[in-house]
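**Q** Here it is: the structure, laid out below.
The values are calculated or read from the model by the stated rules, or taken from the named source; none is laboratory data. Because the structure is a prediction, the values reported are computed rather than measured. Using ideal geometry, Cβ is built from the backbone for each residue, glycine included, and neighbour counts are taken over all protein chains shown.
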Amino acid sequence: MLKKFTVSNYRRFQHALEVDFSRVRDYKYNENCIVDNIISKSIVYGKNAVGKSNLGYALMDIRSTLIVDSPRFGDQAGFINAFSESDEATFSYSFKFNQDEVTYSYSKKSSTELTHETLILNGVTLFDCDYKKNLLNIEKLVEYDGLDSLKFSSRQAGTPLLRFILFYGNLIELSALQSLYDFVNGMAMLRTVDKNYAFSGPLTLNTGIIKTILENDLVSELEKFLNSVGVQVKLKSDLMPDGEANLYFDYPKPLEFVKNASSGTRALTAIFTVFHQLDKISFLFIDEVDANLHFSLADQIINQFKQRRETQIMLTTHNTDLMSNKIMRPDCYFILTSASKCVTLADATKRELREGHNLEKLYQAGEFEEIGE
């Protein structure tokens, strides 16, 4: 699981932004939001333009760094913070896999150009590469069987060293690195793009939402799901004039689903599709999880996500109705500020928060504003 993440000089985040998933309190309710003493389910709040979407892009950057053909997010011209004097963005990810802790840090001048790369396993630096100075320290790395014979000289210029190791190295003595690869490969993001929903993640799922439903024979399940949340429709798959399968509303005169579904129905369909693929997803970031959804539906969806122990999930929203001890707990609600601070409600006040507190009212009354904007 992802234990801690830090990013600086990237897009909206001029100063270092840290998200610490290990700051777990001893609350005795909604314990399914915590797995192995790490925050597994969380919701991020913040005013407009503080960088909630950019947080998702930053978290997913490791995927485009290590996984070939993984998409990159946002305007590439805005990769480096526009107000910074530095020309490098820095990322650091700390992971916990059973008893192993892996920290991978790197700096970039653009989405594709690495300038520095470091890998630490259980406090031991396996490699430290400064590409600006052409310095490569891999002494500890080659002590492991399976990597001592790896031809590092064959690595193409610009290829991250960790990516090279993950793809070509024998990790027989470094199972934690295989766990790292599996986790990063399983990272995914669901976001709205031009009023539609875009999924980015494992290549096996990157076929598009409707195509995924059709290829996995989920049409009847989608219909049941929509009916269960109050959207009374009938669906069917049929062939278009060009012979390709498509999803339709099953009316006397069938209507193409994508062109005629409401924004709320499209949102529910996207979430349904991702939910049915969670066994392939290790970390899921959903931006504006309740966009176009009624509060009660968002509540139902979050409660379903909470039951999926194996997937670490982070959501963003403006809906304070979801800020409740009935849904999560104070150490699982993050506040992101314009000053690049991201802390939980539990850490944003000196008050000892209890299960009986109304978190929404405290938030609206300014209880957590002392963390600064």
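**Q** Hey, can you tell me all the residues within the range 308-318 that are of a type outside the set (A, V, I, L, M, F, W, C) and crowded, with 18+ Cβ neighbours inside 10 Å?
**A** Within the range 308-318, Thr311, Gln312, Thr316, Thr317 qualify.
**Q** For the range 1-59, what are the residues that are in contact with a helix residue (DSSP H, G or I) (Cβ under 8 Å, 6 or more places away or on another chain), β-branched (Val, Ile, Thr) and more than 23 Å from Lys96 (Cβ to Cβ)?
**A** none
**Q** Can you tell me which residue within the range 307-340, out of those that are modelled with pLDDT under 95 and basic (Lys, Arg), is farthest from Arg191 (Cα to Cα)?
**A** Selected residue: Arg309.
**Q** Of all strands (runs of 3 or more DSSP E) completely enclosed by the range 199-309, which ones contain at least 2 residues that are touching a strand residue (DSSP E or B) at 6+ places or on another chain (Cβ under 9 Å) and free of Cβ contacts under 8 Å to residues at least 24 places away in the same chain?
**A** 235-239, 245-249
**Q** While we're looking at this one, here's another question. Inspect all residues belonging to the range 41-49 and state whether any of them is among the polar types (S, T, N, Q), at positive phi and touching a residue at least 12 places away in the same chain (Cβ under 8 Å).
**A** Checking the range 41-49: not a single residue is among the polar types (S, T, N, Q), at positive phi and touching a residue at least 12 places away in the same chain (Cβ under 8 Å).
**Q** So, in the range 327-361, of the ones that are touching a Gly at 6+ places or on another chain (Cβ under 7 Å) and part of a loop (DSSP other than H, G, I, E, B), which residue ends up farthest from Ala16 (Cα to Cα)?
**A** Looking at the filtered set, the residue picked out is Thr337.
Listed here are the residues, each with its yes/no results for (1) within 22 Å of Ser179 (Cα to Cα); (2) surrounded by fewer than 20 Cβ atoms within 10 Å (Cβ to Cβ); (3) hydrophobic (A, V, I, L, M, F, W, C).
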residue: Tyr10; (1), (2), (3): no, no, no
residue: Ala16; (1), (2), (3): no, yes, yes
residue: Val19; (1), (2), (3): yes, no, yes
residue: Arg25; (1), (2), (3): no, yes, no
residue: Lys28; (1), (2), (3): no, yes, no
residue: Val35; (1), (2), (3): yes, yes, yes
residue: Val50; (1), (2), (3): no, no, yes
residue: Asn54; (1), (2), (3): no, no, no
residue: Ser70; (1), (2), (3): yes, no, no
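**Q** Mind checking which residues of the range 105-160 are under 15 Å from Ser92 (Cβ atoms) and of a type in the set (D, E, K, R)?
**A** Passing the criteria: Lys108, Glu117, Asp128.
**Q** Among (1) surrounded by fewer than 16 Cβ atoms within 10 Å (Cβ to Cβ); (2) touching a Leu at 6+ places or on another chain (Cβ under 8 Å), which single condition is Asn246 missing?
**A** (1)
**Q** Mind telling me which of the residues Phe305, Phe295, Phe285, Phe257 ends up being over 25 Å from Ile38 (Cβ atoms), buried (at least 18 other Cβ atoms within 10 Å of the Cβ) and among the aromatic types (Phe, Trp, Tyr)?
**A** Phe257
**Q** Can you say whether Asp182 is surrounded by fewer than 18 Cβ atoms within 10 Å (Cβ to Cβ) and modelled with pLDDT of 90 or more, as far as the supplied structure shows?
**A** Taking the combined requirement at face value, the residue satisfies it.
**Q** Taking the range 206-244, which residues are farther than 30 Å from Ser64 by Cβ, modelled with pLDDT under 95 and touching a Ser or Thr at 6+ places or on another chain (Cβ under 6 Å)?
**A** Val231
**Q** Can you tell me which residue in the range 325-359 is nearest to the chain's Cα centre (by Cα), limited to those that are surrounded by fewer than 16 Cβ atoms within 10 Å (Cβ to Cβ) and under 22 Å from Phe305 (Cβ atoms)?
**A** The residue in question is Lys326.
Per-residue answers, yes or no, for (1) surrounded by fewer than 12 Cβ atoms within 10 Å (Cβ to Cβ); (2) within 26 Å of the chain's Cα centre (by Cα):
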site	(1), (2)
Glu88	no, yes
Glu101	no, yes
Tyr106	no, yes
Asn134	yes, no
Gly146	no, no
Ser153	yes, no
Pro160	no, yes
